[in-house]
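Structure, as structure tokens:
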Amino acid sequence: MGPLAGLRVLDMTSVLMGPHATQILGDYGAEVTKVEPPAGDMIRQIGPARRAGMGPLFLNTNRSKQSITLDLKTEGGHAALIRLIAQADILVTNIRPKAMGRLGLGYEALQEINPSLIYASLVGFDQRGPYAARPAYDDLIQGGACISHCFVRAGQAPAYVPAAVADRIVGFAAVNAILSAVIERQTSGAGQKVEIPMFETMVSMILSDHLGGLTYEPPLDKGGYARQLSPERRPYRTKDGYICALIYSDDHWRRFFNAIGRPLTPETDPRFADFTARMAHIDEVYSELGQILLTRTTDEWLVLLEEADVPAMPMHSFESILQDPHLAATGFFETVEHPSVGRIRSMAVPVRFSRSQPAPCRLAPRQGENGAEVLSDAGLSDEEIAALAESGALRLPEQA
């Protein structure tokens, strides 16, 4: 029983951003019902799989959910969804607002059915602006929100972070917004529409670091946090591999130089004298550190830096992270038996609660796996459910 036990969430999202948000809500104890179209969530097809429609991206973004497959273009499918909406606390969608409107599922229409409904709309762009109707994908938002420009400022070719960071970060932002609306509803008793735009959310995040001198009018510089944009800021090569080290504070540098037998004083090297001096010479500071770290192996540096209480981590690969001793000790990875695909590796909910610890309540479902159960819980009779399935409005697992 996680802290959100008792909340009913209808998940009308697909791919990554929305499903990531609703998985968190499900892991935290909410009852999440994923409503899929007849074709299913396209993310089911991505990556290697033991069973069609159960790829790894889907498995890792859709646990703690039930699945129902409804054809909303049919009268029966639409009516069944309305029954579910009438009993829901939260509806989460990343379908474009105009498309939701055409389906009769805009906020104003649903507010009449369920005045306490929190209607969370994950969109590409604030709907008041000229980009409102544009499609939005992670790559586009990374470029538009200055992430690719950060690579240029760091002396590299423009690039994307090789992970769906916009989808995932905006998913977290959606959880924050949804739960804020839940808390407000406890006072007002009323639901509301919450709009979470990808573009503005990511611009806010990136420019919190990099607005820099552009914060001021007139500007003091062209923006950017020099340390983060240094071409020398990267994992450092060692004698036999790489290490991630962040020697940041004055005390860190003092202990580091003492550990390698090079006492630090402003006289011996004023570039390292204090934080201000290091920031003024950050490329030189990082370059020299890189030369020093070439002199020992990764394991030797990890031991030395830990003894000196200087922040450092190994540079993991996708495979080596599975053997990380800290994650092993905390039980972060668990091998579980999935009823559809066999043994899989599952990741724990990373936060810790002293009483109501969240945990996955179920593994990612087959498409439409729980359709009959969901509609039965909503009050439909066995005969009504069978009629919906026969008409094609409801697709049960063997039909999907």
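What follows draws every value from the coordinates through simple rules; no lab data is involved. Source: prediction; values computed, not measured. As a convention, Cβ positions derive from the backbone with ideal geometry for all residues, glycine included, and neighbour counts pool all protein chains shown.
Every residue in the stretch 374-400 that is more than 13 Å from T69 (Cβ to Cβ) and out of contact with any Ser or Thr (no Cβ under 8 Å at 6 or more places or on another chain), please.
Result: S376, D377, A378, G379, L380, S381, E383, E384, A386, A387, E390.
Of all residues in the stretch 8-45, which are out of contact with any strand residue (DSSP E or B) (no Cβ under 9 Å at 6 or more places or on another chain) and within 15 Å of P360 (Cβ to Cβ)?
Selection gives H20, I24, D27, Y28, G29.
Pick out the one residue from E390, E334, E383 that is out of contact with any Cys (no Cβ under 8 Å at 6 or more places or on another chain) and touching a residue at least 12 places away in the same chain (Cβ under 8 Å).
Among E390, E334, E383, only E334 is out of contact with any Cys (no Cβ under 8 Å at 6 or more places or on another chain) and touching a residue at least 12 places away in the same chain (Cβ under 8 Å).
Does A79 satisfy the condition of being among the small types (G, A, S) and surrounded by fewer than 23 Cβ atoms within 10 Å (Cβ to Cβ)?
Working: among the small types (G, A, S): yes; surrounded by fewer than 23 Cβ atoms within 10 Å (Cβ to Cβ): yes.
So A79 passes the test.
Within the stretch 241-248, identify whether any single residue is surrounded by 16 or more Cβ atoms within 10 Å (Cβ to Cβ), more than 30 Å from the chain's Cα centre (by Cα) and either closer than 26 Å to P162 by Cα or touching a residue at least 12 places away in the same chain (Cβ under 8 Å) (or both), and answer yes or no.
no
So which residues in the stretch 288-324 are of a type in the set (G, A, S), loosely packed, with under 14 Cβ neighbours inside 10 Å and in a helix (DSSP H, G or I), if there are any at all?
If the condition is that a residue be of a type in the set (G, A, S), loosely packed, with under 14 Cβ neighbours inside 10 Å and in a helix (DSSP H, G or I), then S320 is the only one that fits.
Please verify whether the stretch 363-384 includes one or more residues that are within 16 Å of N60 (Cβ to Cβ) and of a type in the set (A, V, I, L, M). First the steps, then the outcome.
We begin by selecting, within the stretch 363-384, every residue within 16 Å of N60 (Cβ to Cβ); these are 363-366.
Adding the requirement that they be of a type in the set (A, V, I, L, M) leaves 363-364.
Scanning the stretch 363-384, I find at least one residue that is within 16 Å of N60 (Cβ to Cβ) and of a type in the set (A, V, I, L, M), so the answer is yes.
Out of the residues in the stretch 183-202 meeting the condition of being β-branched (V, I, T) and in contact with a helix residue (DSSP H, G or I) (Cβ under 8 Å, 6 or more places away or on another chain), tell me which one is surrounded by the most Cβ atoms within 10 Å (Cβ to Cβ).
Among those residues, the one meeting the criterion is I196.
Right, R153: out of contact with any strand residue (DSSP E or B) (no Cβ under 6 Å at 6 or more places or on another chain) and farther than 17 Å from S204 by Cα or not?
Yes; evaluated as a whole, the condition is true for this residue.
Could you pull out the residue among I196, I247, I206, I243 that is among the aliphatic types (A, V, I, L, M), more than 30 Å from E306 (Cα to Cα) and in contact with a Leu (Cβ under 7 Å, 6 or more places away or on another chain)?
I196
Restricting to the stretch 1-42, and then to whatever is under 15 Å from the mean Cα position of the chain (by Cα) and hydrophobic (A, V, I, L, M, F, W, C), can you tell me which residue is surrounded by the fewest Cβ atoms within 10 Å (Cβ to Cβ)?
V15
What is the residue count in the stretch 149-173 for residues that are surrounded by fewer than 14 Cβ atoms within 10 Å (Cβ to Cβ) and not hydrophobic (A, V, I, L, M, F, W, C)?
4
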